[in-house]
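Inspection log for the structure reproduced underneath, given as structure tokens.
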Amino acid sequence: MPHAMPLMATLVAALSVALLLGVLARKLNLPPIVGYLLAGIVIGPHTPGFAGDMELAAELAEIGIILLMFGVGLHFSPRELADARGVALPGALVQMLVATGLGWGLARWFGWGDGAGLLFGLSLSVASTVVLLRALQERGEDRTPVGHIAVGWLVVEDLAMVLALVLAPMAARLLEGGSTGAGVWDSVAETLAKLVAFVALMLVVGARVLPWCLSLVAGLRSRELFSLAALVAAVGVAFAAYALFGVSLALGAFLSGMVLGQSALSQKAAEQTLPLRDAFAVLFFVSVGMLFEPAILWQRPVEVAAALAVVVLGKALAAWGIARLLGQTNRAALTIAAALGQIGEFSFILAGLGVAEGLLPPEGRDLVLAAALLSIGLNPLLFWLVDRMAPAPVQAAAPVPAPAPGVSGT
């Protein structure tokens, strides 16, 4: 080649291998995310053959995070959350506490500190939005009452994780004992003040300015300009939140999507940015796979099995028990438990943040990735078990009306 093209090489390799393995995963009735994560392992530095540029992949992943969180914000529905609040709100919070406690206990058994245990437990406590919605849609349950509860449950988890991305690193530092005294509390107060200022600015000013700007562009009747405006709303607000307020890119993108999601143009913004969001979401999952060290599967099989058990058994059993206590039928509770018995994108984001901040050891991130890969792969089996343990009620056939007097039945 006349000159090096690391960005092009990484993009082509990531998208091509992701396509091949995503198709293979789909053929095996697995979520495509499994294929994307495996694609990252294939082109990562821990396997032989071509290795993508890790620094470029990390930057592409940041864009993927921004667009993923922007999409979460666009689809955030206060109405759905309100409709399912009687089960979803207490259920999600209690289930997250149980899973976080189990993860913290595992981390202490591994010899890690309390701060690392907190981040590890939180990473194991939240389900993947993409996997849950796809599973419910394929079963035709996304618009049923149990589907609304599961989606509301997920919304509560997502909101909790948005807060965790801001607060968990500070809490972890305090638990680790690495930062004490007035200095750390001053830092916490400053961070919270900036966070409150940014949220207030978005809810008061952004909620008016962003929809107005999009309406102005929409009036020009140019699809590409509207798509560009929506993209700028996502990336621009996220970067401004990070540069001016010290808020994470993820939170900035989520709030941008949330304020646009309440406007009349939300559906159009979601549709116009969907192809780009899908492409960069794939790159995000591939970049996560590139960080994974496959050797952990045979070097620390007990730890991997324990982390997987927290996700597939601990989380699912907690969700089932809470749903039953809150008055759900056995089948509804089992469906909710199966839908939540996996982890995904928020887990990757939080674990990566923990490693970057020096609060979570790299093997913690590897265990989270291993648990995600295995739990997503096992998720169809959980739904199969639901159908075997609590079959859907058979619809009774409509009674045949008796023939009217004087009319032959033939």
Taking the Cα centre of the chain as origin, sum charge times position over the Cβ atoms of Lys and Arg (+1) and Asp and Glu (-1), and report the length of that vector in debye to the nearest 20.
1000 debye
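Ignoring the sites themselves, what is the longest stretch of the chain with no trypsin sites (Lys or Arg not before Pro) in a DSSP loop and at most 10 other beta-carbon atoms within 10 Å? Could the numbers behind the result be given before it?
Values: sites that count: R143, R221.
No qualifying site falls inside 222-410, the longest such stretch.
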Just from its helices, what would the mean residue ellipticity at 222 nm be for the chain, if runs of 4 or more DSSP H residues each count -39500 (n - 2.57) and the sum is divided by every residue, rounded to the nearest 500 deg cm²/dmol?
-25000 deg cm²/dmol
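Assuming a ≥ b ≥ c are the square roots of the Cα gyration tensor eigenvalues, decide whether region 20-175 counts as rounded (a/c under 1.5), prolate (otherwise, with a/b larger than b/c) or oblate. Write down the numbers at each step before the final one.
On the way: a/c = 1.79, a/b = 1.12, b/c = 1.60.
Oblate, since a/c reaches 1.5 and b/c is not below a/b.
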Across 5 Å bins from the origin, how do the percents of Cα pairs in region 255-314 run, short distances first?
4, 14, 12, 13, 13, 10, 11, 11, 8, 3, 0
For the chain, with the dipole built from +1 on Lys and Arg beta-carbon atoms and -1 on Asp and Glu ones, taken about the Cα centre, which of V235, V130, V386 lies farthest toward the positive end?
V386
Mind checking which of F198, I41, M96 is farthest towards the positive end of the chain's charge dipole, using Cβ charges of +1 (Lys, Arg) and -1 (Asp, Glu) about the Cα centre?
M96
With Rg/Rh (Cα atoms, Kirkwood Rh) as the read-out, I listed [x] 1.02; [y] 0.95; [z] 0.98; which label goes with the value calculated from this structure?
[x]
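For L159 and L203, what does the FRET efficiency come to when R0 = 25 Å and r is the distance between their Cβ atoms, rounded to the nearest 0.05?
Details: r = 14 Å, r/R0 = 0.57.
With R0 = 25 Å, the Cβ-Cβ based efficiency is 0.95.
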Testing the spin-label approximation: label points 7 Å from Cα along Cα→Cβ at R134 and L225. State their distance in nm.
3.6 nm
Between E271 and M5, how many nm apart are label points set 7 Å from Cα along the C-beta direction?
3.5 nm
Overall form of region 195-242 per C-alpha gyration tensor (a/c, 1.5; a/b vs b/c):
oblate
In percent, what relative contact order does the chain have, based on Cα pairs under 8 Å that are 6 or more apart in sequence?
27 percent
Can you list, bin by bin at 5 Å, the percent of alpha carbon pairs in region 293-340, starting at 0?
5, 24, 21, 14, 11, 10, 8, 6, 2
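None of the figures in this text is laboratory data; all of them are computed from the coordinates on show. All figures in this text were calculated on a predicted structure; none of them were measured in a lab. For neighbour counting, all protein chains shown are included, and Cβ atoms are generated from backbone atoms with ideal geometry for every residue, glycine included.
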